[in-house]
1. How would you rank 190-201, 479-490, highest first, on the average number of other Cβ atoms within 10 Å across their residues?
2. Looking at this model, which pairs from K172/K232; K366/K499; K232/K444; K163/K366; K329/K444; K172/K497 are more than 28 angstrom apart at the alpha-carbon?
3. When ranked by the protection proxy of mean other Cβ atoms within 10 Å per residue, highest first, what sequence do the peptides 248-255, 430-437 form?
4. Could you sort 445-455, 290-300 so that the peptide with the highest average Cβ count within 10 Å comes first and the rest follow in order?
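We did not get these values from a lab; they are worked out from the coordinates using the rules stated. The shown structure was predicted, so the numbers you read here are calculated from the model rather than taken from an experiment. With ideal geometry, Cβ positions are generated from the backbone for all residues, glycine too; neighbour counts draw on all protein chains shown.
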Amino acid sequence: MRGPAHLLSSLTSGDDRTTLSDVLASAPAQLMQTPVQRETEASAVLRNALSTYTDQQVEASREDLLRSGYYRSALLARRRMQAKQKEAWWTRVLCAVFVAALLVAALLVGSIFARDEQIIFTYLPPAMPTPHPSRVTSSRPRSAPRSAPPSSSSRSRFWRHRKFDVHYETVKPSPETGCKNGNGLTPSGPHADVVFVAGFGCGSFHFHRNMESLARRANVRCYAMDIVGQGKSWPVNLDDMDGHTYNAEGWVHQLGAFIDEVVHADADADANDDDDERCKRPLYLVGNSLGGYLVAATAARDARRLRGGGVVLLNATPFWGSTAVLPWKGVLPVPRLLRTALTGYWDFFRSEANITNILSLVYARKEALEADSHLIRSIREPSDHPHALDAFCSILTSPALDSNKSLTAAFDAALIELGEYATVVQINGREDPWVVPAWGRRAKRLAPPNHRLVEISPCGHCPHHETPETVNELLTSLIVEESVHSESLDRAAAAEKVKVEEITDGTPETLLGHVFSWLTK
């Protein structure tokens, strides 16, 4: 007599000569003495077989199985299994249809009610730092980054700040005019300083289309600084990072120290030693996205640093740190469980394919991306640093400025404070899907009357990179003439085929804009 294992193998392989009754007959007699034992045997022996046998085999053995008591219990088990499989399949289909319907509805609402004020929030992956020297090299020129070759007048430097070597670039023109002071005009040196701060995921390379041009046109000295955790600004000693947090508070302190120890120090060194009074060059802080948030907060904490200059916000994000909902607030070292959980997501997030997709989303002028073949690689390269993932985890979970208040409290307070002491100009791309026009108009209504808002269209999240000539002319007019209107600006806008409009009252133009205004009061 063949054993049960052999018979079960023959049955599942499709041998028509083998029936289920043969399998039952091969089972030990002692397992068939009671109904409970028969049920146990049905679960143990027939469950696998019943998933593969044919209907013909079932019919051939039906009478024997009914008399044995196996068929009923096994068939019920099979039917329950099939019902669960069908239910799971339909559940997945219904969920997919529901999500697709929500997306379609969102697109329809956005297209009907808010052509330029659709509220979409996404995040650019952070560019993490690349390896760098462990010692200060602020006086020695560095080799040009691979992102884009800077001009001959641009130098890449490092400045030691706490535990970090902070990277920055500077462009100093050879001006024929000087800066104004109480005694008139000094014969040499730029007459203003401009500091650029990039958005989340970028570094000084994002301003290569602006620095040299602005330095030449406006006779200013330009700086572009990488905040720590991005670009080339990274710790001197990776083993000495326990207790540090990559957050907005640290970045604001870094920018303030950079102004005091580098920018103002250079300005004072350029002053004429024969003058009784040092040449106090005005300072203009220019920030894009997260950089705008940081320059506003830094200037508001001590407006005297501006020395009569101003703040320019390029699609500045009005809040930061909104993801700080976990018990861990970004203090290094990163918990092992969180680091493991984010590793796979981080590898996808920093891929060149994903960076390309995100930039395609936020850039309204795709030709600007095509013209800068180094941009994507420049964002991607720093993420290869061995500490990049730890910085990414810390940034994602770090708290906001004024975390005990609303998300926009710090930005709102900075705009109100600055309006009393300095010039504040917002230059926004109207087609930005992140910092939508409703945010800029809200800031215009909130800030004092001297706050100015200029919108460029078509333009997305990075106007300085998408429409560099237009933005350069706006900055030049602001610094030289304290105006946002000039004939050269009109020519630049016409050349780049964009419309430049100053918004005077900040009133929303669409239904969704009015709803957004009511929600963010």
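1. Output ranking for 190-201, 479-490: 190-201, 479-490.
2. From the list (K172/K232; K366/K499; K232/K444; K163/K366; K329/K444; K172/K497), the Cα-Cα distance tops 28 Å for K232/K444; K163/K366; K329/K444; K172/K497.
3. Descending packing order for the listed peptides: 430-437, 248-255.
4. In descending order of packing, they fall as 290-300, 445-455.
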